Every structure is written in structure tokens, then in C-alpha cells.
Amino acid sequence: MDAKVDIVKDKDLLGAIVITEGERKGDELIPTALFYEFTIKNTGNKTADIEEVDKGIELKIEPKDKLKAVSEDVIGFNIYDPEDYNGSGVGFGHSFLPVLNPDQKGEYTLNYDLGVSEENSQVPLLVPSKEKLAKLKEYAFDAFLVVTIDNQEIARFDLSKLKN
């Protein structure tokens, strides 16, 4: 029903990375992230869920070639591939409603960390320049939003057809 994307640096939305060693041990680094917000409505007449815990509705972004290339250019790797985060010191996250009853709307978020603003050996990934971040945001909807239940695709939305 609705889709938004922004570049955010907000501890309440993203949490923080606690430094575990060195002079600044215990200090927090707040990552900057590409933050998607979606409103999805169950237009069917069945409840969208599955009985087992952790197997409800899940969302993921599947980038098209241009967005994948921009991500690799701006960040150095494809932020939409969880394995590419290995060794970066940052990660990604989401918030989901696992169950949607018929006619019910749900709010969903996906966030992809883009780095931190100060150098630290624990988090080697530094936030790119404002210009590069603007380029990533510009192409952020060059993707599909894929909705799954228990790893079965139930819906796919072309985000390039939506407005931010």
C-alpha cells in the first residue's frame, strides 16, 4: 500500500554498536542505514501466517541490476546480500508482523547499515560521502519487494512503480 525509503542515523531505529576493546571500550557507534518502510495489506480472505514460530510473513528486497551495481559502487558490496556483510562490522535488520488477518494492514521495516561516521578497528566500514548516499537513495526503489511465508513467495512488488 505504501513504501518509503530514507538514509537515517537514529539509535532508536537502528540500535548501536558497542565498542568492546581499546580506549573507547563501552562507547557506542550509531550506524547510518538505508531504511525502508512498507505498509502491506492482506487483501485475501485467509489469514497470512503459519502456525510455527519464526515462519510467518517475511520481506526482502531483491535489487535489480542497476541498484546492485550502485550498492557495490557506493558501499563496496551488495548490501542486499546478507553474506556480503561478513567482516564489515555492521549489518542489517528488520521488523515484521508475522501474521496478517484478512483486510489487516501491517507496518514493516528493512534497514541496511552503510557504515559508521568515525574510524574504529571494530567497524571498518565508514559511511560514504553525502553524494554517494544520495545516489544510493535515488536508486533504492530499483528493486522488487518479495513477500514470503515459510520461504514460499506469496507476493512480489516492483518498487520502481511506487513513489517514495
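Here are a few things to note about the model shown:
- Note on the chain: the alpha carbon radius of gyration divided by the globular reference 2.2 N^0.38 Å gives 1.11.
- Compared with the dominant principal axis of the Cα atoms in the chain, helix 65-75 is inclined by about 30°.
- Legend: residues THR20, THR109, sorted from most to least accessible area (1.4 Å probe; ligands, DNA and RNA excluded), read THR20, THR109.
- With protein chains left intact and a 1.4 Å probe, residues in the chain average 58 Å² of accessible area per residue.
- If R0 equals 22 Å, the separation of the Cβ atoms of SER117 and HIS94 corresponds to a calculated FRET efficiency of about 0.45.
- The modelled label-to-label distance between ASN151 and ASP84, using points 7 Å beyond Cα along the C-beta direction, is 2.3 nm.
- Accessible area (Å², 1.4 Å probe, nearest 10) - ASP6: 70
- Listed residues ALA16, ALA140, ALA33, most fluctuating in the chain (Gaussian network, C-alpha, under 10 Å): ALA16
The values are calculated or read from the model by the stated rules, or taken from the named source; none is laboratory data. Please read all numbers here as calculations on a predicted model, not as lab measurements. Counting neighbours? That spans all protein chains shown, and the Cβs are built from the backbone with ideal geometry, glycine included. Please note that ligands, DNA and RNA were not included when accessible areas were found on the heavy atoms of the full protein model with its side chains. Shrake-Rupley method; radii C 1.70, N 1.55, O 1.52, S 1.80 Å.
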